[in-house]
Every structure is written in structure tokens, then in C-alpha cells.
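Quick notes on the structure that follows.
The values are calculated or read from the model by the stated rules, or taken from the named source; none is laboratory data. Nothing here was measured: the structure is a model prediction, and the numbers come from that model. Using ideal geometry, Cβ is built from the backbone for each residue, glycine included, and neighbour counts are taken over all protein chains shown. Areas reflect the complete protein model, heavy atoms only, side chains present, ligands, DNA and RNA absent. Shrake-Rupley method; radii C 1.70, N 1.55, O 1.52, S 1.80 Å.
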Amino acid sequence: SWRSRGSSAVERAQQYTVGQKIHGFTVKEVTAVPDLFLTSVKLSHDATGAQYLHAARDDSNNLFSVQFRTTPMDSTGVPHILEHTVLCGSQRFPCRDPFFKMLNRSLSTFMNAFTASDYTMYPFSTQNAKDFQNLLSVYLDAVFFPCLRELDFCQEGWRLEHETPTDPSSRLMFKGVVFNEMKGVFSDNESLYAQHLQNKLLPDHTYAVVSGGAPLDIPDLTWEQLKHFHATHYHPSNARFFTYGDLPLEQHLQQIEEEALSKFERTEPNTAVPPQAHWDKPRVDHVTCRPDALAPDPMKQNTLCMSYLLGDITDTFEAFTLSLLSSLMISGPNSPFYKALIEPEIGSDFSSSVGFDGSTRQASFTIGLQGMAEDNTETVKHIIAQTIDDIVATGFEEEQIEALLHKIEIQMKHQSTSFGLALASYIASCWNHDGDPVQLLKISENVSRFRQCLKENPRYLQDKVQHYFKDNTHRLTLTMSPDERFLEKQAEAEEQKLQQKIQNLSDADHKDIYEKGLQLLAVQSTTQDASCLPALKVSDIEPIIPYTPFNYIYCLFLGGVPVQCCEQPTNGMVYFRAMCNLNSLPEDLKIYVPLFCSVITKLGCGELDYRQQAQRIELKTGGMSVSPQIIPDTDQLDLYEQGIMLSSSCLERNLPDMFQLWSDIFNRLVFFQETEKEIFKSLCKCIDFILMHLHRPAGDLQRDGPGDLQQLCTVKFMKRIAELTDLTSVLRKLPRIKRHLLNPENMRCAVNATPQKMSDAAGEVERFIANIAANRKERKPVRPTIVEVRPLDPQAGSSVSRKLISEPHFKPCQMKTYFQLPFNVNFVSECVRTVPFSHADYASLCILARMMTAKFLHGEIREKGGAYGGGARMGGGGLFSFYSYRDPNSTQTLSAFRGGVEWARAGKFTQQDIDEAKLSVFSAVDAPVAPSDKGLGRFLNGITDEMKQRHRERLFAVTNKNLTDVDCETKPIQKCGGDSQRVDCSWSQCFKNHYTKMYARHGFQLSHSLCQATLEQQTTSEASRLG
């Protein structure tokens, strides 16, 4: 094995000495970082000057990243388009799209690339040593020796092309993955505002432009400019390499030297970002945005922020101090700006840009509101200035500071499965500007120094506020207001840009565009030979899962409540969860459950008001939350559990305090007038969250699929509640919900702790259950069809069972739904009920979804269609789902979904295709699980190690015949019945009628409502054809 077994990774790394030569690199520094259980080794490459940092840690989820300082001087999006294009083929691996193909030839736990304002990063992680070598070869060749073919630039960046590439008489239009992606990004008002804020606060250099690309500027980028940018920025002399984990450093250095760096000589890259010249007086600016149809109050759609330029982020202690100071000023109900800006209800919430931003060479701090009326502009300015004066005068309470430092201690102790990726992201900006990344990792040292500064100067933080805020003349006040014609103006500007391009075309240019369109389509339609790419084999996958010994995870009955105990190396932390079913909750209250969950930990308890309660939670826990849960049964599609889950964590020393907090929430919760404010803010955030969630990276959608779109069904109701002037009727429902849900009779608990602390934790859980015994009451279920036959661990003979809801009379029917959203790109999905987790065909459907994505849907939806992402997935609840994300198309994508089914039915796939799909599925099945989450599947779903192993064996056993046979499970997509389709679209008002008619032709009927349009199937022959 490549992974050494002789000693720990940390011990091996400590053997290196300064000045030691290793495969063309020289060791510059070796530093133990006990806070994070790692040893850092800093090196430089002798020939090119490339910088290298290795973080040795006993973690099998090894990570590699290489980042380049990319500093564009225009908004054509050249670093972003280059990030896409280098992943489309390289010298050693010239096949198209090796990046996406490696997703199916690898057991990676993460693969992606990021474009920031001033750097581009390429990270991956995997637990398999051979896989690490394979991915490293592909990544190195991609970034240093890419093909950068013109057709790849056209596909990923932008191109002029006929709407129908095979029809030269169809209209010309802009196409391209990044072009559509950035249209989607700037459909979101908050993203638009944040971009303007950075551009205007730092106007002198690269931060004045849009590194991702402004949609109207992207068509100005040429292929030659792209190649030039690569030549000047993607060089080892401008590179920073980072590796993390338990694999030997020497192997990484040797491979990087032999496959890449040995082919280069040192250059002097001209990529440094100069300091922004300091203003001698503050500036004021204004921008516009689209109106928000979902705003609770149409007259409150303005945003105002003041942004202050701070110090250089390479001064790591000063940046650490300013980050803490930012949190003290804005975080939680005890912070000065929360009291001054949020509690008076001037706006709906802080702007999403609020807080400390250390992503640029000079950090910044922003404070302000969104969802405010234009008339309150001067009031908000005055409040911000007055609050800064008050902080300078009075400072912060000692408890606030201690709560913040306690949060840092918990962050250091909590063990994440993606710790390497988090480290790479954490150090990226500082290291990018030649700061010391190792100094950033010495968190305890910074905390100690911070405490010492406070001890020596009690006004230490107040002096910082005076210097950076009160006396700072580099301050930008930026306002944003809605413009009713904003989307129309955008469409007009894009059309004008398009016509300018078309007017300059000669006949030869028109012919060239048509021929290149056909050429690109031909390339996209050709099956690529990926044999040049390295790949793991199915035989490289472990056949048996690592079983959790039964004595490490067991069940107790404490006070009549089942408690699952899972002994794990939690590093001095204790994790608690409780599941409470809502079977007795009246139907009319269920729609309020998400709201109840949102506010229940934010209220006062007993003699403590909500501010004091928040302070206790911050001082004694890592957070307390309540979330709604719908958990499908593993055996039957029409059985499920409904409930809420309580979650919290704490340091071992704070165990009694954490459970006392839960006891108070159960027993002494106070519903008083302050609750109204929390409810209102929660409602507004609920709507904002759903819209923001749709704009997340496509990689997340590959995991979660279209399930998030179901949340939109509650938006109309929540918006109506948010518009109420008197919330008394809502307030009265919360205590009723509490009586049903916070009931030990309906509860089961889970605790993850170290073996040494488990008995103490169990004792505290028992005391907690005894403290809340008065809440126990056996209530009659609302529905008569409650099934209590699902033991959590059937193999162990456990008597702990879940009370599931049965739907014996449920009849699946076809639904077609169209949500009209204020985006100028679309989100399309379609799903069909198939089989539950325990069914023999479930594994085959998992493989089919992955194979259909890689071999058909990716090409149709992303490459040809220009969407940012798209594919299929098999969900745990038995839904086989198709989806697209930031998609310029809609009905065309629905046709692609059907094409995927026809492709699968035709069986035009090979054993290699099946094996690749298995690798991709196993990379998710075998993803690392944090100690805090071990046993969670058993606790929530009753999925035991034996069930996981059976599923694993079925995945291994999937054959070509299984896949063609199981395709019958997806056949309801081809006929009326059993499927549901959602088309989430956005466009300017001038296109609305056109699209309404188009959807009507395909069986959708637009039902006009404020925030949701439901489209019901029409009984026409064309509708039947689409269905």
C-alpha cells in the first residue's frame, strides 16, 4: 500500500528538517499545530519558485489543491471561462471533458474548481491512495498543459449560434455555459449588490471588475485572449500547492515534479494586487435591481449598507482581531447592531453582505439592512453612525467576548469529514497575497494574544472601532432600489449587444458561425474515447463495509425513552439529538411546524429574556436547533415518519448546562410580544432562503436533486402570514404545537460521545428526561393509520420502534407544476415513484441514474443545452428524479429527460459504462462519516450495517440485464400517470405571455397567483405526448 503503516502522519512529518531537499523541493519550515492535530511542512520548488504547503494529519480523506493568482482587468470572465475550459482536455488526456468523466472513474469524495475575485483553485479529495495518484495526474495535466480548443471555449464560455444549430434561418443568439451561469448569478439581487459593493469599494485594480464575468461583457472575450491569460497566469511560479492527509509527502512531491514542474523554468509573474489607495473622504453610490414579487411589503425593497476598508489580510493577527470584532458587532441578539437595526424592524434583516470580508487583499467590514423603505435611508445612516459612537464609548460585555471565544474552541474541536477542503479554503486568500498560511493555523496562539491585548488595554476593541470605523474615511455608502423596468432593460441591453455583434458580421462570418455550430454539435454528439484516462476498477472497492461493533452503538431506556448511545472519538465534544414525532398534531397546525422550529430556540425561558437565553446558548453549547423531518420507510413507499429533530452539541465540561437549556425549552418557554419580531424575521428569511438555495453550486444539486423545489409549495402560505399586521392568531398556535411535539411520549434520543464520557452523558440524558416528565402525555393520533412495526435495529432484536404514518389509499397521479420565479434562467425537474431502499431493484436504479447522467443527460443538458448542470438521481424515498440547473431551456430539457429513458431502454451501454457508474455511486456510498454523525442512519431510518452491506452487494451485482429490466420502473415517465414535473422558470415580463402560451401547448395551465403558478394537465393530444 502507498499509505505508510509505520507511524502516524503527524510523526512522520516532524522528521523533516529545514533545508532538506526532496524531489526538487526544499523544506523551508516544519511546524507542529497541536490545535488542529497536524504538522505543517512548508516547501518551495527550486527551479520555478512554486510554493507548497503540506498539512500532515491522521485523516484518510486526503486532499490536493493547486491555486493560481488570477487578476483580470476586465469583466469578460476570462479566469472563470478558463477554469471551465482547462478541464475540457489536456495533452496527456485529450478526450473531451476529462473532469466530468473522472467523476465516474474515481472514488473521489470531492472534485471541483473555484474562481474567486483574485485566485482560481482546483481541489480534489479521496480516501484511496491509487485514486489520489490518478486524480493528481489529471489535475496537473489539465492546469499546466490544457488543450484549450476553440470549440471548448465556445461551449463553456460563449458563442454566437443559431437557435437551432442545424437551421441557418433560425435566429442567432448568445449561448455558453458560463454565459448562462452568470445570468443566473446576477438574477439574485443579493449577489448583484455584493458584486457592486466590492467593485465600488476597491475601484483601482482587479476588484473593480467581475472575475466571474458580467453577462454583457463575456461576449467581448476572444479565444486568443483566453490562451494568453493561461500563459501568463497558469505557471508554477504563480502557483501554490496544498496537500493534506495521511499519505506520504514524498510521493506527492515526486509526482508533481515529474509530471509537471520539471518542464518549466522560473518566471516573474506580474499578478500581484497593489494596495487600494485610501480615500480622503467617504463616497456614496446607488444601483438598481429587479423588483421582488415575493417581498412581504412591496414598498420595502431597498438595501443600504456602509462598507469600510480595513487592513491587509496578510497581517494575520490583525485580521483575526477584526474578524472577532465583526462578530461582536453583528452576531446574535446581544450585538449592538442587532439591537440598533434589527429590533426596530426598519428592514427585514441584515443585508447578506454584512460582516467581515477577508477574501480580498485588504479586508472590509459591511453593515446595513435589506427590505427597508426608501424613506428610512437617512434614519439607517444615523443609526449606524450612532451605534459606532456607542461602541467606542461603552465597548462590549465580557460575557459576549467569552461566548465568541467559546465558539472558536468548539470549531477547533469539531471534526468535519471535509477538514482538508476547509483548510484549503481558509488559507487561500491570505496565502494568495504572500501571507503566512501556517500563522493562520495557530488559532490558540492568536486567542492567547487577543486575551493578552484585552488585559493590557481594556479599551483595546474600542480603540479598533475608533480607528477602523469612526475615523475611517475610506467608507462607501451604497444603496439599491428596485426598478420596474430592470429586467426589461437587461433584455434590451442583451439584444442590443447581440445586434451589434450581428451587424459586424460578413457573409463569410455567417457561414463560419453556421459551420462551427454544426461542428460543435457533431463533437457533442460523438461518443468520446476516454481510454486515455486513468481509472480505478470495481475490484478496487472494498467488498465489505467496516462494521460498527455492537458494543460501540447500543440502546438504553432512560425514563421510558429509548436512547441510542454511540461511542466515538469525538475529541471532547458531545452530540445530542432527539426525534419527536407529530402524529398527534392536528392537521391545521402542521403547516406552522417549520415556523415553530425556526423560533423555538430563539425565545426566552423562565426569568431569562430571549437575549439572555441566546447568551447562555452561545456560552455553553455549539448551537441548538430544531428542524422538521419527513423520513421515508425503507420497505414501503406509502409509509413515512413525520416529526421534528432537536440537535445540539457541547464541550464535555458543559454537559449539564446543555441539557438544562433543553429542559428549560421544554418546561419554561415564554411566548410574549418579542416573539412577534422573531416570527416575522423567520418568515421573511424562509422566503429568502428558498430563493437563495436555488442559486447554490450545481454540485450540491447533484447530491440533492430537485427535492428543494418542493419547499416552494409553502412560499405562498408563508408570504401571506408575513403580510399580516397582527400576528396574534399565529402566536396562539405555537403553544398548542409545543404541547404536542415536546412530549417525551413521542420522543427517542441519540448521543455521540467518547467511551470515557458516555456514562456521564447518559446520566445527563436521564436527568433531562426526568425534568421534562410533566410534559409526558399519551395523545391520540390524528390519523387512524399509524403503524408501529418498524424496529430501529431488527437484527439486534431491539424493542425500539418508530410510529409510521400509513397512506393505504394514496393514488399517485400526474402533476405538472410551473413556478414563476424572478430569474432569467430556468430550473427544470421531473420525477417518478419507483421502489424503496430495501427493494432488490433500488441498487439498479442508483446505477442507472448515475450512468444516464454521465453518458446521456450531461451531454444533452449541459454541453448542447448550455445549462450549468443537469442529470438524474435515485432518492432514498423511492423517487427517481431528473433535474437541470441554471438552464436557458425548459421544454427542450423535458425532452432530454425522455431521451434519457429511451437511451437506457435501448441498452446502448457497455460493461465499462456500468463499472464507471458503480465507481461513482460507491464514492457517495463510502463517503466519510464524521464521529458526530456515526449511527445517525440507524437512529433516523433504522438502516443498520447489515442493510448497508446488502445494498452494497446488490450494487456490485448490477448487470446490463438488470438495468434494461429495471427501466420498466421509469416507464411511467412515458405515459400519463405516476410522474410529477416541475418547471421553475424566470424571465422578464415582456416574455411572460410567450412562455405561458408555450407551456399551455404542452399540457400546463397557468394559474395566476402572487408567488406560485400551478399548471394543471390539459387533455389534449399534445399534452399526452409530452406526458
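Gain in length, S729 to S444, computed as 0.36 nm per residue apart minus the alpha-carbon separation, to one decimal in nm? Kindly include the intermediate steps, with their values, before the conclusion.
Numbers: separation 285, 0.36 × 285 = 102.60 nm, distance 4.92 nm.
Between S729 and S444, full extension yields 97.7 nm more.
What's the Cα-based Rg to Rh of the stretch 310-363, Rh via Kirkwood?
Values: Rg = 12.8 Å, Rh = 12.1 Å.
Across the stretch 310-363, the Cα-based Rg/Rh ratio is 1.06.
Quick one: which residues, 5+ away or cross-chain, put their amide H under 5 Å from the amide H of V287? H built at 1.01 Å from N.
Placed amide hydrogens put T479, M480, S481 under 5 Å from V287.
³J(HN,Hα) across the stretch 136-149 via Karplus (A = 6.51, B = -1.76, C = 1.60, θ = phi - 60°), whole Hz, x for Gly/Pro?
Ordered by residue, 3J(HN,Hα) equals 4, 4, 5, 5, 4, 5, 5, 7, 9, 9, x, 6, 6, 5 Hz.
Mean separation of Cα pairs under 8 Å and 6+ residues apart, divided by the residue count of the stretch 447-602: what relative contact order is that in percent?
6 percent
Would you mind calculating the gained length between A774 and C453 on full extension (0.36 nm times residue separation, minus the Cα-Cα distance), in nm to one decimal? Mind showing how you got there, number by number?
Details: separation 321, 0.36 × 321 = 115.56 nm, distance 4.88 nm.
Net length gain for the segment: 110.7 nm.
Determine, from the Cβ-Cβ distance of H228 and D434 and an R0 of 35 Å, the FRET efficiency 1/(1 + (r/R0)^6), rounded to the nearest 0.05.
Once the sixth-power term is evaluated, E becomes 0.90.
At a 1.4 Å probe radius, carbon and sulfur cover how many percent of the accessible area of the stretch 308-367? Spell out each step's value before the answer.
Details: 660 of 1520 Å².
Heavy-atom surface of the stretch 308-367 belonging to carbon and sulfur, 1.4 Å probe: 43 percent.
If I take R0 = 60 Å and measure r between the Cβ atoms of T785 and K281 in this structure, what FRET efficiency does the formula 1/(1 + (r/R0)^6) give, to the nearest 0.05?
In this case the efficiency is close to 0.30.
With 21 Å as the limit, write out which pairs from K381/K407; K590/K719; K407/K602; K101/K511; K489/K511; K602/K733 have Cα-Cα distances beyond it, or answer none. Don't skip to the end; give the middle numbers.
Working: K381/K407 31 Å; K590/K719 16 Å; K407/K602 18 Å; K101/K511 33 Å; K489/K511 31 Å; K602/K733 17 Å.
Exceeds cut-off: K381/K407; K101/K511; K489/K511.
Note the per residue figure in Å³ for the convex hull of the C-alpha positions in the stretch 188-347. Before the final figure, lay out each step's value.
Working: hull volume 38.4 nm³, N = 160.
Once divided by residue count, the hull of the stretch 188-347 is 240 Å³.
Before anything else, pin down the relative contact order of the stretch 158-305: Cα pairs under 8 Å, at least 6 apart, normalised by residue count, whole percent.
Details: 83 pairs, mean separation 29.4, N = 148.
Here the relative contact order equals 20 percent.
For E11 and R767, what is the calculated FRET efficiency with R₀ set at 30 Å and r taken between the beta-carbons, to the nearest 0.05? Write down the numbers at each step before the final one.
Details: r = 42 Å, r/R0 = 1.39.
With R0 = 30 Å, the Cβ-Cβ based efficiency is 0.10.
Ratio of alpha-carbon Rg to the 2.2 N^0.38 Å globular estimate for the stretch 554-611, to two decimals, please. Working shown, then result.
On the way: Rg = 16.3 Å, N = 58, 2.2 N^0.38 = 10.3 Å.
Working it through for the stretch 554-611, the quotient is 1.58.
Using label points projected 7 Å from each Cα along Cα→Cβ, tell me how many nm separate Q466 and E953, to one decimal.
Spacing of the two 7 Å Cα→Cβ label points: 7.4 nm.
How big is the stretch 1-117 by Rg and Dmax over its Cα atoms, in Å?
17.8, 52
When each pair of different Cα atoms in the chain is counted once in the 1/r mean, what is the Kirkwood radius in angstroms, to one decimal? List each step's numbers first, then the result.
On the way: mean 1/r = 0.0326 Å⁻¹.
After inverting the mean inverse Cα-Cα distance, the result is 30.6 Å.
With the alpha-carbon atoms as the only input, what is the per residue convex hull volume for the stretch 54-118 in Å³?
Values: hull volume 8.3 nm³, N = 65.
Dividing the Cα hull volume of the stretch 54-118 by its residues yields 127 Å³.
At 7 Å along the Cα-to-beta-carbon direction for both L521 and E345, put a label point, then send me their distance in nm to one decimal.
Label at L521, label at E345, 5.8 nm between them.
Where a Cα-Cα gap under 19 Å defines reach, which aspartates and glutamates qualify for K948, not counting those fewer than 8 residues away within the same chain?
Cross-link targets: D540, E542, D633, D635, D793, D841, D926, D933.
Applying the Karplus parametrisation 6.51 cos²θ - 1.76 cosθ + 1.60 with θ = phi - 60° to the phi angles of the stretch 110-123, what ³J(HN,Hα) value in whole Hz is obtained for each residue in order, glycine and proline being reported as x?
Coupling constants for the stretch 110-123: 6, 8, 5, 8, 10, 10, 9, 5, 9, 8, 10, 10, 10, x Hz.
Viscosity 1.002 mPa s, temperature 20 °C: Stokes-Einstein D of the stretch 811-887 from its Kirkwood Cα radius, in µm² per second? Spell out each step's value before the answer.
Values: Rh = 13.5 Å.
Calculated translational D: 158 µm²/s.
What distance in nm lies between label points placed 7 Å from Cα along the C-beta direction at E378 and E484?
2.6 nm
Where a ≥ b ≥ c are the square roots of the eigenvalues of the C-alpha gyration tensor, would you call the stretch 90-203 rounded, which needs a/c under 1.5, or, failing that, prolate if a/b is larger than b/c, or oblate? Let's see the in-between values first.
Working: a/c = 2.32, a/b = 1.25, b/c = 1.86.
It comes out oblate by the Cα gyration axes.
Using the Karplus curve 6.51 cos²θ - 1.76 cosθ + 1.60 with θ = phi - 60°, work out ³J(HN,Hα) for each residue of the stretch 725-740 in order, rounded to whole Hz, and write x for Gly and Pro.
7, 10, 9, 4, 4, 6, 4, 5, 7, 5, x, 5, 5, 4, 4, 7
With respect to the cross-link table entries K183/K918; K130/K263; K200/K263, which display a Cα-Cα separation exceeding 31 Å?
Values: K183/K918 35 Å; K130/K263 24 Å; K200/K263 41 Å.
Going by Cα-Cα distance, K183/K918; K200/K263 fall outside the 31 Å limit.
For the chain, what relative contact order do you get, as a whole percent, if you take Cα pairs closer than 8 Å and at least 6 residues apart?
On the way: 1947 pairs, mean separation 135.3, N = 1027.
Over the chain, the number comes to 13 percent.
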